[in-house]
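Below: the structure, in C-alpha cells.
The values are calculated or read from the model by the stated rules, or taken from the named source; none is laboratory data. Values in this document were obtained by computation on a predicted structure and should not be read as measured data. Reconstructed Cβ throughout: ideal geometry from the backbone, glycine too, with neighbour counts over all protein chains shown.
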Amino acid sequence: MDFPGWDPVLLDIPLLPIDVRWYGLMYVVGFICAQWILTRLARRQFFPVPPEAAGDLVFYCVFGVLLGGRTGYALFYDHSLLNPLQFVQVWRGGLAFHGGLGGVAIAAWLFCRKYKIGWGRTADALALAVTPGIFAVRVANFINGELFGRVTEKGVGWAMQFPTDPMAMKLMGLSDAWTMRDRELCLQVAYGKRTWESVQGLLSEVDQFGGKIDWAEIAPRLDWAKVKAMTDAAGHPLVPFRHPSQLYEGLGEGLLLGLVLLTLYLVTRKRPLRAGNYTAVFLLGYAAARISLENVRQPDAIFGPVGTVFLGMTMGQTLSVGMVVGAVLILVWPYLRRGSRSRGGE
C-alpha cells in the first residue's frame, strides 16, 4: 500500500505561530465523543451525576490527558521534554497514553470528590467513553507518519514505505535539526502535493541550532517516487517496507475494544456489572492489544535497536503490564475487603 502523504497541518493560520493540526484536532474529536457518551450514560443513570456534569468531567480530563500524557512522555520516552520550554509545546506531539491514563485517574478522583460519588462508576463511564478518542489519535499518528511499525516483507499486502523513515529522510536530505514544519513542507513537495515555489518562502533560513540550510541543494532531492524506488545491489528497496502499526493500534485499542465494551454494556444494561468491572475490562483489553502490537511496532529510538527495557519487554509492554496488575486489583479488591471484614468480625 502507498502511504497517502497527507499534510499533518490541516489549516495554516497566517501571522500566528500555531497551526491547526490533525493531531490536535483528533484530541478534540475524542473529547467531544467522550462528552456525548458520558451525557447519555448520565441520562440513563449508569453514570450517577446530572447529565450537565458530563462536561465538567471532560474539562477535568482535558487537563489530565495533557499534563499526564506530556509528563509520561517526558519521563518514559524523551527526557528533553523535561525542559519547561519544550514541555508546554504539546501541539508538536509527544503525549504518552499511559501517562495520560494516570492523569485521567487523578482528574477522575478530583471529580468524584467534588460530586461526592464513588470512583468505580466514574471510571466505568470513562472506560466506555474513551475508545473513540484512542482510535482518532492513532489515525493522527498515521497521518503524521510517526510510530510506524517494524520492517516487514514487500509482499505483505498492507506494508508501506514511510517518507518519515530514517533512510527516506537521509536520501532526501531532510534533517532532524530542522523544524518539524520545514520537514513537513519538504515532504509535501516530494509527494507532488505542493510546488517548491509555493513553500520556499515558508522555510527557515537556519536550522534549530543556527546552521544555515542550503535549500538549493535539497530541492532536487525531493522526489518521493524516485526515492521509494531506489534499491541496493541485490535489488532490495533502500527505504524498507514497514507495518502501518498506527492503524493496527487504532483498530485494536480503539475500534475493537470499543465494540467489546459497548457490547458488554448493552448486554448488562438492565443488570450492570459491579462498579469498576467495566474499567477492568478496558484495562485488560487495552493491555492485551498493546502488548501484542508492540511486536510489530518499531522500538523507540531512545531504547536502542532492540527497544527492550525490562525482562525483554518494550516500554509500552512494560507499562501495559502495570495496567493488567491494576485490572486484577480492581477485580479482587471487593473480595479482599469482604474477607478482611469477615476476619474482623470473627
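For region 285-300, the candidate set comprises residues that are among the aliphatic types (A, V, I, L, M) and surrounded by fewer than 20 Cβ atoms within 10 Å (Cβ to Cβ); within that set, the residue that is farthest from Val151 (Cα to Cα) is Ala288. State whether one or more residues within region 112-119 are under 30 Å from Asp56 (Cβ atoms), modelled with pLDDT under 95 and small (Gly, Ala, Ser). Yes, region 112-119 contains a residue that is under 30 Å from Asp56 (Cβ atoms), modelled with pLDDT under 95 and small (Gly, Ala, Ser). Condition (residue is within 27 Å of Glu294 (Cβ to Cβ), crowded, with 20+ Cβ neighbours inside 10 Å and of a type in the set (Asp, Glu)) applied to region 142-150: is it met by at least one residue? Checked against the condition, which is being within 27 Å of Glu294 (Cβ to Cβ), crowded, with 20+ Cβ neighbours inside 10 Å and of a type in the set (Asp, Glu), region 142-150 yields no hits at all. The residue list Gly118, Gly99 contains one member that is closer than 25 Å to Gly55 by Cβ and touching a Pro at 6+ places or on another chain (Cβ under 9 Å), which is Gly118. In this structure, is Thr195 of a type in the set (Ser, Thr, Tyr), within 30 Å of Lys170 (Cα to Cα) and exposed (fewer than 13 other Cβ atoms within 10 Å of the Cβ)? Yes, satisfied.
Listed by first and then second residue, the pairs linking a residue in region 105-120 that is under 20 Å from Val281 (Cα atoms) to a residue that is of a type in the set (Ser, Thr, Tyr) and in a helix (DSSP H, G or I), with Cβ atoms under 8 Å apart and 6 or more places separating them unless they lie on different chains, are Ala108/Tyr60; Ala108/Thr122; Gly120/Thr279.
Out of everything in region 219-233 that is assigned to a helix (DSSP H, G or I) and small (Gly, Ala, Ser), what residue ends up being nearest to Thr195 (Cα to Cα)? Don't jump to the end; show me each part of the working.
Kept after step one, since they are assigned to a helix (DSSP H, G or I), are these residues of region 219-233: 219-221, 224-228.
Applying the additional criterion that residues be small (Gly, Ala, Ser) yields 219, 225.
Values: Ala219: 10, Ala225: 15 Å.
This residue is Ala219.
Could you say whether any residue in region 129-151 is in contact with a His (Cβ under 8 Å, 6 or more places away or on another chain) and either under 30 Å from Glu217 (Cα atoms) or assigned to a loop (DSSP other than H, G, I, E, B) (or both)? Yes: one or more hits.
Restricting attention to region 47-66, the residues that are over 16 Å from the mean Cα position of the chain (by Cα) and among the aliphatic types (A, V, I, L, M) add up to 5. Scanning region 234-268 for residues that are modelled with pLDDT of 95 or more and out of contact with any helix residue (DSSP H, G or I) (no Cβ under 8 Å at 6 or more places or on another chain) returns Phe241, Arg242, His243, Leu259, Thr263, Leu266, Val267, Thr268.
Please go through region 222-271 and give me each residue that is within 30 Å of Leu174 (Cα to Cα), among the acidic types (Asp, Glu) and buried (at least 19 other Cβ atoms within 10 Å of the Cβ), ordered by number.
Going through region 222-271, the residues within 30 Å of Leu174 (Cα to Cα) turn out to be 222-250.
Add one more test, that the residue is among the acidic types (Asp, Glu), and what stays is 223, 232, 249.
Glu249, the sole residue that qualifies.
The condition of being of a type in the set (Ser, Thr, Tyr) and more than 17 Å from Ile117 (Cα to Cα) holds for only one of Tyr23, Tyr60, that being Tyr23.
Here's the yes/no breakdown for (1) over 19 Å from the mean Cα position of the chain (by Cα); (2) surrounded by fewer than 18 Cβ atoms within 10 Å (Cβ to Cβ); (3) closer than 27 Å to Ile143 by Cβ; (4) free of Cβ contacts under 8 Å to residues at least 60 places away in the same chain:
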| site | (1), (2), (3), (4) |
| --- | --- |
| Ile32 | no, yes, yes, yes |
| Gln45 | yes, yes, no, yes |
| Arg70 | no, no, yes, yes |
| Gly102 | no, no, yes, yes |
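Is at least one residue of region 48-70 among the basic types (Lys, Arg) and not in a helix (DSSP H, G or I)? Among the residues of region 48-70, not one is among the basic types (Lys, Arg) and not in a helix (DSSP H, G or I), which makes the answer no.
Results for (1) of a type in the set (D, E, K, R); (2) out of contact with any Asp or Glu (no Cβ under 6 Å at 6 or more places or on another chain); (3) not assigned by TED's automatic domain parsing to the domain that holds Arg181, shown as yes or no for each residue.
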site	(1), (2), (3)
Arg194	yes, yes, no
Glu205	yes, yes, no
Asp214	yes, yes, no
Trp224	no, yes, no
Gly235	no, yes, yes
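Within region 53-60, identify whether any single residue is under 30 Å from Ala301 (Cα atoms) and either in contact with a helix residue (DSSP H, G or I) (Cβ under 6 Å, 6 or more places away or on another chain) or not aliphatic (A, V, I, L, M) (or both), and answer yes or no. The answer is no, given that none of the residues of region 53-60 is under 30 Å from Ala301 (Cα atoms) and either in contact with a helix residue (DSSP H, G or I) (Cβ under 6 Å, 6 or more places away or on another chain) or not aliphatic (A, V, I, L, M) (or both). Taking the listed residues Phe303, Phe310, the one that is of a type in the set (Phe, Trp, Tyr), loosely packed, with under 13 Cβ neighbours inside 10 Å and modelled with pLDDT under 90 is Phe310, with no other qualifying.
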